[in-house]
Ligand code: HSE
C-alpha cells in the first residue's frame, strides 16, 4: 500500500499499521505492507517513520505495480483528486479522509470508482472515529432515511459548550479552544461552518442517494452567536448547538421527499431533553431517523489523529479483505436526484427575543407581523422592565422565508427597541 501524506493522521496510520501488524494481517489474510509514503518535504523530523519509504513523487508512487491500496490523507482538492483518480484508473483501491474533495467533487471520484471497478472508502471524512458512513452506505441502505441531524464539528461544539456552561462570550471561548488545540490559528473553516457544511453534503448524498455538494448547503456559522442567544436558550430549557441537518421535505400529499431535500448548517436551539443536547466538549454525535429503523444515535470523537486513523484503518482492512476475496465494496449511486431546496422553502421554527416599549397595543402589533406572513405563534412570554419589556416569541413551523421576512419587519417597527436574539429552533415541536 501507498500512503499519501504523513501529517497528524498519516503518522498515526503508520504507527497503528506497525504496532498492530500481526492482528491486521490475521484479519485480512495477508500482511498490510507500506511500500511508500508521499510527503511534500523530506527534511522534516518524522519519528517512527522509515526514511527509506519517503518520496516526494506521489504520482509515481500511486502507479507503482507493487502498490494495490492507496490511502490519501493529504487533504484539499489538488493534487489529491488527480492522484486518487490515477490510482483507481490503474486498478487500485482508495481510502481517503478528504471531506473537502468529496463534498466538492465526489461525483468525479464515484464515477471513476464505478468505471474502473475500484473500491473508494471514506469513513474518516465525516465525524472521525464514529462509524457513520458505513451504516448509511450499508446497514441502512435497505431503509428510507428521513433525516440526519448532527453535531459534526467538535471545535464549534466546544466553543458553544463553554458559552453555555461558563457564560463565556464567543471570542473568549474561541481563544480557549485555540489554546487547547481544538481550534486552528485561522478558525474560519470551523466557526463559519464550512467544515460542517462539507460533512452535511456527504451525509445528505449518502442518506438520500442524491448528488449534494458543499455549495448546495445553506451555511451559517457561530460567530454571531451571542451570550444573549445562549442565555435565551437557557430560559427555554434549551441549548445552542451548531447543527448539520439533512432532511427530506414532504410535498402537499405528505410524500416524504416529494418536494426535495433540505441540507443546512446553522446554530439552533434544541431542547435540553434532546439526545444531542447532552453532547459536550469537542465530541460529535449524529442522530439518524429512518422509516423502519426509527431513531439511531452515533456518538464519539469526531477529530484527532488517533480517532481519525481508526476510521482509516477500518477502511483499509475492508478494502484489503475485498481484494483478497476478489470482490469489491458498495458503489455510490445517486439515482434519486432529488432537488436541494433553497433555504427559504425549508420549514423551520424561530425563537425571537425583542426589547419593546411596554404600552398598550405593542403585543398586538408584534403578533400582527407574524400573522401577516402566515406564521403561527406557539408561545409568547413577556417580562416588564420599567417602561420597556422583553418579549419572547416562539413560532410553530413555517417556511424560513416567511420567518425571516417577519424578523425584517420587526426590525423596522418603532415599538421594537431591539431585536435582541433570533435563533432557529430544532428538535420536535
Ligand atoms: N476541525 C474539525 C472539528 C475536525 O473541529 O471537528 C476535522 O473535521
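The values are calculated or read from the model by the stated rules, or taken from the named source; none is laboratory data. If you're wondering where the values come from, they're calculated on a predicted model, not measured in any experiment. In this analysis, Cβ positions are derived from the backbone assuming ideal geometry, glycine residues included, and neighbour counts consider all displayed protein chains.
Residues that are part of a strand (DSSP E or B) and buried (at least 24 other Cβ atoms within 10 Å of the Cβ) were ranked within region 146-163; the one that is nearest to the ligand (Cβ to nearest atom) is 151. Just one of the listed residues (233, 207, 200) is modelled with pLDDT of 95 or more, surrounded by 24 or more Cβ atoms within 10 Å (Cβ to Cβ), within 26 Å of residue 262 (Cβ to Cβ) and more than 19 Å from the chain's Cα centre (by Cα), namely 233. On inspection, residue 113 qualifies as touching a residue at least 40 places away in the same chain (Cβ under 8 Å), closer than 27 Å to residue 194 by Cβ, in a helix (DSSP H, G or I) and away from the ligand (no atom under 16 Å from the Cβ). Considering 102, 85, the condition of being closer than 20 Å to residue 117 by Cβ, outside any loop (DSSP other than H, G, I, E, B), within 16 Å of the ligand (Cβ to nearest atom) and at pLDDT 95 or above is satisfied by 102 alone. Look at (1) farther than 23 Å from residue 425 by Cβ; (2) in contact with a strand residue (DSSP E or B) (Cβ under 7 Å, 6 or more places away or on another chain); (3) within 12 Å of the ligand (Cβ to nearest atom) and you find that residue 126 fails only one, number (2). Within region 166-188, the set of residues being at pLDDT below 95, within 11 Å of the ligand (Cβ to nearest atom) and surrounded by 14 or more Cβ atoms within 10 Å (Cβ to Cβ) comprises 177, 182, 183. The set of residues in region 273-304 being within 16 Å of the ligand (Cβ to nearest atom) and either more than 18 Å from the chain's Cα centre (by Cα) or assigned to a strand (DSSP E or B) (or both) consists of 283, 284, 285, 286, 298, 299, 300, 301. From the list 97, 103, 127, the lone residue that is out of contact with any helix residue (DSSP H, G or I) (no Cβ under 6 Å at 6 or more places or on another chain) and buried (at least 19 other Cβ atoms within 10 Å of the Cβ) is 127.
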